[in-house]
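Asks: Got a structure for you, questions after.
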Amino acid sequence: MNFNIYDFTDFVTSVSNWLNEILSPELAVITGMAIIGIIFLLFIALLGLSLVYIERKVCAFFQQRLGPMRVGFWGTAQTIADIIKLIFKEPLVTKNADKFLFNLAAFIVMIAPLLAIAAVPFAKGLHVLDFDIGIFYVTAVSSIGVTGILLAGWSSNNKYSLIGAMRSGAQIVSYELSVGLSLLTIIILTGSLQLSEIVNSQSDGWWIFKGNIPAVIAFIIFIIASTAESNRGPFDLAEAESEITAGFHTEYSGIKFAFFFLSEYVNLFIIAAIGTTVFFGGWMPLHLGNLTFFNNIMDFIPPLIWFFMKVAALLFLIMWFKWTFPRLRIDQMLTLEWKYLLPLNLMNLMLMSIVSLNGWHF
Amino acid sequence: MIKSIIKYFSEIFRGVKSLLTGMKITGYYFTHPKEIITQQYPENRETLKMFDRFRGEVVLIHDENNEHKCTGCSACEIACPNGTIEIISDKAIDPETGKPKKVIDKFVYHLSMCTFCNLCIIACPTDAIKMAQTFEHSVFDRTKLTKVLNKPGSKIMAGIKE
Ligand code: SF4
Ligand code: SF4
């Protein structure tokens, strides 16, 4: 088995060859899937734990606080304690709630990010689903999550839940458009929807640098719209605590509440990962023109680290938004999308087409 | 037409500018951990300093000779909206003039009833009482919250008149 931190293709092939040797073909496929599934589950659990902690710390520092400090060194074990607490809590179900849908909703919310995360290219060769319509697939499955939110709101038999769910529905319907269009702006340049192709097209520079002004505008629109799509502040009207208790997950407790919580953070990761892949070159190292020495140093840093560094930077930006801006009202939110983001996006798409036709990008 | 287009874009720019201003402020806080105001209380008990206007409890100021400035006028008792203060006064003979004079026997303060509104401090004509910055007031027995503020054997400072 030849393990190479810069290129996982050989490693993955040798693992699958080895599986094929010791097992029948069908069993090998199933075992392979199971291994990948377990890796992703572990990854998501770790991601949730660490992101919740990081978010609390980042939020605290933005607000001149210290955040969790008591459990473990600098509060590092705080989220573990929270998870244990949530597991031991009673999973309450409201009287007159639609029990089947109520339970189903928590799983649907969790399934969407699980489907989407499979398409994320982590490093060269570390890519589970490389469809030729990768971007389309990710945007499609990540909006399944809203079905879960709508179901949760409807089945809870609670007016706050229903209002929250309806807001969330309106939000997704409008902002999905902007996310798609801003990604399309870059697709004009790459000429492919395949995520690995998109990453490869950035080996000589990231699209945010190569794509001129329209790429920067597209990135800004993408980050705004996808923050809205993930129901995060300043667009967290679906769970606006001060108005509608906790919105769609008011009636959820214990581990089912944890699912909603976890899915928010996994969604956040997926947004940052897609943003990284499309605008910041995915796992591609930073290359500057002909500075060979600099480029070699950058190449030395493994792609996995590049990927997670970029994702972390984007996550930080999104957290910065959340803890700075006040929450929008529902009409303001729709105005922002339909009167500002969408027209700007269409103009930007035109601009990008012109830039691309005339070869003004690099 | 042109005007409305200009207005549209200037609105966008103004919006973005005000958002960036907000992000600059939070970014400043994030990069300057010195600005953090959280006190890690039980750990920093020794060094913790409460801010100047913190109202912990009412105390009667005594100087090094165990003398205070309270004349027993009951102005604080009347000013208190909660009946927290009880002035139990006594009659004594003024050594200078030889006439009977009112002095305090007990300045009773029920911490459990105090809302720390500061009204008694304002009402006192001789500035005999002030707010202390202590705040660790929890006790196991409620009666411990009723305090006599004048120290045993203390007397009024010379020259303090009602
Ligand atoms: S602070 Fe207010 S409540 Fe407390 S003793 Fe003084 S007047 Fe009464
Ligand atoms: S503390 Fe002040 S207001 Fe109260 S009885 Fe004494 S002198 Fe009068």
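The values are calculated or read from the model by the stated rules, or taken from the named source; none is laboratory data. The structure displayed is predicted, hence computed values, not measured ones. In this analysis, Cβ positions are derived from the backbone assuming ideal geometry, glycine residues included, and neighbour counts consider all displayed protein chains. Heavy atoms of the whole protein, side chains included, go into the accessibility calculation; ligands, DNA and RNA do not. Shrake-Rupley method; radii C 1.70, N 1.55, O 1.52, S 1.80 Å.
Asks: Please state the shape class of the range A:81-147: rounded when a/c is under 1.5, otherwise prolate if a/b exceeds b/c and oblate if not, all from the C-alpha gyration tensor.
Replies: Taking the square roots of the gyration eigenvalues as a ≥ b ≥ c, the range A:81-147 is oblate.
Asks: Let me ask something else. Under Stokes-Einstein, with the Kirkwood radius over Cα pairs standing in for Rh, what whole-number D in µm²/s applies to chain A at 10 °C and 1.306 mPa s?
Replies: 73 µm²/s
Asks: Another one. Looking at the P(r) of the range B:41-90, how many percent of alpha-carbon pairs lie beyond 15 Å?
Replies: 67 percent
Asks: Send over a whole-number figure in Å² for the accessible area per residue of the protein assembly as shown, probe 1.4 Å.
Replies: About 54 Å² of surface per residue is accessible.
Asks: Could you grab the Rg to Rh ratio for the range A:211-362? Cα atoms only, Kirkwood for Rh.
Replies: That ratio equals 1.06.
Asks: Determine by what factor the alpha-carbon radius of gyration of chain B differs from 2.2 N^0.38 Å, reporting the quotient.
Replies: 1.76
Asks: Another question about this same structure. Could you give me the ³J(HN,Hα) list for the range A:57-70, computed from phi with Karplus coefficients 6.51, -1.76, 1.60 and θ = phi - 60°, whole Hz, x at Gly and Pro?
Replies: Values per residue, Gly and Pro as x: 5, 4, 4, 4, 5, 5, 9, 6, 10, 9, x, x, 10, 8 Hz.
Asks: Right, here's the next one. For chain B, with a Gaussian network of springs between Cα atoms less than 10 Å apart, report the residue from B:Leu19, B:Leu60, B:Leu149 with the top mean-square fluctuation.
Replies: Looking only at B:Leu19, B:Leu60, B:Leu149, the biggest GNM fluctuation is shown by B:Leu19.
Asks: In addition: Whenever you get a sec, compute what percent of the accessible area on the protein assembly as shown sits on carbon and sulfur atoms (1.4 Å probe).
Replies: For the protein assembly as shown, the apolar C and S fraction of the accessible surface comes to 67 percent.
Asks: Moving on. Modelling each spin label as a point 7 Å along the Cα-to-Cβ direction, I'd like the B:Thr143/A:Asp299 distance in nm, to one decimal.
Replies: For the pair B:Thr143/A:Asp299, the computed spacing is 8.6 nm.
Asks: Give me a comma-separated list of calculated 3J(HN,Hα) values for the range A:207-213, in order, Karplus coefficients 6.51, -1.76, 1.60 applied at θ = phi - 60°, integers in Hz, x for any Gly or Pro.
Replies: Along the range A:207-213, the couplings run 5, 5, 8, 6, x, 6, 4 Hz.
Asks: Write down the radius of gyration of the range A:1-88 and its Dmax, each obtained from C-alpha positions, in Å.
Replies: Taking only Cα atoms of the range A:1-88, I get Rg and Dmax of 19.8, 59 Å.
Asks: So which cysteines of the protein assembly as shown have no other cysteine's Cβ under 4.7 Å from theirs?
Replies: That list is A:Cys59, B:Cys70, B:Cys73, B:Cys80, B:Cys114, B:Cys117, B:Cys124.
Asks: Which three extents, in angstrom, do the Cα atoms of the range A:1-160 have along their principal axes, listed largest first?
Replies: The Cα atoms of the range A:1-160 stretch 54, 42, 31 Å along their principal axes.
Asks: Okay, moving on. When the expected Rg is taken as 2.2 N^0.38 Å, what fraction or multiple of it is the alpha-carbon Rg of the range A:157-265?
Replies: The reported ratio for this selection is 1.36.
Asks: Limiting things to C-alpha atoms, what are the Rg and the maximum Cα-Cα separation (Dmax) for the range B:67-137, in angstroms?
Replies: That works out to 13.6, 44 Å for Rg and Dmax.
Asks: Mind checking which of A:Gly164, A:Gly254, A:Gly233 has the largest fluctuation in a GNM of chain A, springs on alpha carbons under 10 Å?
Replies: Between A:Gly164, A:Gly254, A:Gly233, it is A:Gly254 that shows the largest mean-square fluctuation.
Asks: For chain A, with a Gaussian network of springs between Cα atoms less than 10 Å apart, report the residue from A:Asn96, A:Asn345, A:Asn267 with the top mean-square fluctuation.
Replies: Maximum fluctuation in the GNM of chain A, among the listed residues, is at A:Asn96.
Asks: Between chains A and B, what is the buried accessible area summed over both chains (1.4 Å probe, protein heavy atoms, nearest 100 Å²)?
Replies: 1800 Å²
Asks: Scaled to the compact-protein estimate 2.2 N^0.38 Å, what is the alpha-carbon radius of gyration of the range A:113-181, rounded to two decimal places?
Replies: Relative to the rule-of-thumb radius for its length, the range A:113-181 sits at 1.37.
Asks: Same structure again: What residues qualify as long-range amide H neighbours of A:Gly282, i.e. H under 5 Å apart, gap of 5 or more or another chain, H built at 1.01 Å from N?
Replies: A:Thr277
Asks: Would you calculate the separation in nanometres between label points at B:Ile88 and B:Ile25, each defined as 7 Å from the Cα along the Cα-to-beta-carbon direction?
Replies: Going by the 7 Å Cα→Cβ label model, 5.4 nm.
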